[in-house]
Amino acid sequence: MTVISVPQAFNEEELYVDLRSIFGHPLFLKCEGFNFAGSIKLKAAAAMVEAADRDGVLTPDSILVESSSGNLGVALSMIAASKGYRFLCVTDSRCNLSTRLLMEALGSEVHVISDPAGVGGFLGARLDYVRALCASDDRYVWLNQYTNQGNWQAHYRTTAPAIARQFPWLDVLFVGAGTTGTLTGCARYFKRRHRPVRIVAVDSVGSVTFGGRPGRRMIPGLGASVRPPMLDESLIDEVVRVDEADTIRACHRLARRGFLFGGSTGTVVSGAMDWLSRHDADGLTAVAIAPDLGERYLDTIYQTNWIEAIYGNDVLRDDVDVPVQAVHQTAF
Ligand SMILES: Cc1ncc(COP(=O)(O)O)c(C=O)c1O
């Protein structure tokens, strides 16, 4: 039995889905969506608020403010409610409706930016708004997930060691890149260990994180319109870029087998499968990280009208599935 008294005290750290029967390549998917915030961003949020508390940055008058595409905002809303702080989330029009409602239900205020900045896109506009707010009133405390060391350190201390414990013979790790907190924390952990692990970053086409050309991206979580300051490319062995149409196909293929994951999981799985199909993957131990679950994306990624309006009518038509075999449950 697990008994908790604050929501951030619970996180399922040891759950993996074996994707071989669904995609035909060996890949263990680490599920990070089973906590009260519903995503991996709980770890970064908890670490950043703890550090601010410890450093005396927060007072009873403080108003936390953060730019978030959604999941960090939900995690901070939850922690702020639990600790009695006010929280303002600055997001943009790509934030899912359910995510916004969730933050409001937890007592947070949400500001939605609807016009991207000329340089820096939506993220640039969100950051400009946060900076102006902090300059106008010193009660605002900006944790700044893009530069806060607590963001990557959370994964260095928890996510990566949890993977290493379960997969001591890990060969390759696939991690999606948003702020690059997860990627940097995991990469730094595995690079400091003596056994080499190949770190493959997964990014969306249209993101500038690894120097690509900026382009339209509709799925929140991964990718950036401003290069993340936390990124240390010397830690990364390879980058795989995934088209959002492939993200949609991977999400739906998982859903057809009963696994409803979020958009960034579709991106990471699609990128990983592409990489595995180009390498001799049979003897490899490969893990990918699934940042959240699919319920927040019911009105986008799992909604036919939305998909067809953005990616066209054929996006799901050509997807060839691996036939379902009589699947017998494996539990450990
Ligand atoms: C759904 C989802 N996936 C992936 C990420 C990226 O994680 P990170 O910011 O650690 O790179 C985020 C970050 O907000 C997210 O919400």
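Tabulated values for the structure
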| read-out | value |
| --- | --- |
| Strands (runs of 3 or more DSSP E) contained entirely in segment 98-181, each with at least 3 residues that are farther than 30 Å from V200 by Cβ and within 21 Å of the chain's Cα centre (by Cα) | 109-113 |
| Residue selected from segment 41-86 under the condition more than 14 Å from the ligand (Cβ to nearest atom) and of a type in the set (V, I, T), by the criterion farthest from T182 (Cα to Cα) | T59 |
| Considering residues of segment 180-237 that are of a type in the set (S, T, Y) and open to solvent by 20 Å² or more (accessible area, probe 1.4 Å) only, the residue modelled with the lowest pLDDT | S225 |
| Filter result for the condition that a residue is more than 15 Å from the ligand (Cβ to nearest atom), in contact with a Pro (Cβ under 6 Å, 6 or more places away or on another chain) and either open to solvent by 20 Å² or more (accessible area, probe 1.4 Å) or of a type in the set (K, R) (or both), over F36, F28 | F36 |
| So L64, is it within 20 Å of T158 (Cβ to Cβ), touching a helix residue (DSSP H, G or I) at 6+ places or on another chain (Cβ under 8 Å) and open to solvent by less than 10 Å² (accessible area, probe 1.4 Å) | no |
| Of all residues making up segment 260-281, the number that are outside any helix (DSSP H, G or I) and more than 16 Å from the ligand (Cβ to nearest atom) | 3 |
| Residue that is nearest to the ligand (Cβ to nearest atom), among those in segment 149-160 that are open to solvent by less than 30 Å² (accessible area, probe 1.4 Å) and over 21 Å from L29 (Cα atoms) | N151 |
| Top-ranked residue of segment 135-145 - restricted to ones that are crowded, with 16+ Cβ neighbours inside 10 Å and of a type in the set (A, V, I, L, M, F, W, C), ranked as nearest to the ligand (Cβ to nearest atom) | L143 |
| The one condition in (1) within 25 Å of E14 (Cα to Cα); (2) open to solvent by 10 Å² or more (accessible area, probe 1.4 Å); (3) at pLDDT 95 or above; (4) of a type in the set (G, A, S) that G283 fails to fulfil | (3) |
| Residue identified as within 16 Å of the ligand (Cβ to nearest atom) and at pLDDT 95 or above among C95, C89 | C89 |
| Residue check for E32: under 12 Å from the mean Cα position of the chain (by Cα) and of a type in the set (D, E) | yes |
| Residue that is farthest from M78 (Cα to Cα) [pool: residues in segment 13-25 that are open to solvent by less than 60 Å² (accessible area, probe 1.4 Å) and touching a Cys at 6+ places or on another chain (Cβ under 8 Å)] | V17 |
| Tally of residues being among the aromatic types (F, W, Y), assigned to a helix (DSSP H, G or I) and out of contact with any Phe, Trp or Tyr (no Cβ under 9 Å at 6 or more places or on another chain) across segment 182-228 | 1 |
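Each row is one residue, and each column tells you yes or no for (1) within 12 Å of the ligand (Cβ to nearest atom); (2) in contact with a helix residue (DSSP H, G or I) (Cβ under 7 Å, 6 or more places away or on another chain).
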{"residue": "Q166", "(1), (2)": "no, no"}
{"residue": "D171", "(1), (2)": "no, no"}
{"residue": "G176", "(1), (2)": "yes, yes"}
{"residue": "T180", "(1), (2)": "yes, no"}
{"residue": "L183", "(1), (2)": "yes, no"}
{"residue": "C186", "(1), (2)": "yes, yes"}
{"residue": "Y189", "(1), (2)": "no, yes"}
{"residue": "V197", "(1), (2)": "no, yes"}
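The values are calculated or read from the model by the stated rules, or taken from the named source; none is laboratory data. Predicted model only: the values in this text are computed from it and were never measured. When we count neighbours, we look across all protein chains shown, and the Cβ atoms used for this are built from the backbone with ideal geometry, even at glycine. Each accessible area value is taken on the protein alone, full model and side chains, heavy atoms only, with ligands, DNA and RNA left out. Shrake-Rupley method; radii C 1.70, N 1.55, O 1.52, S 1.80 Å.
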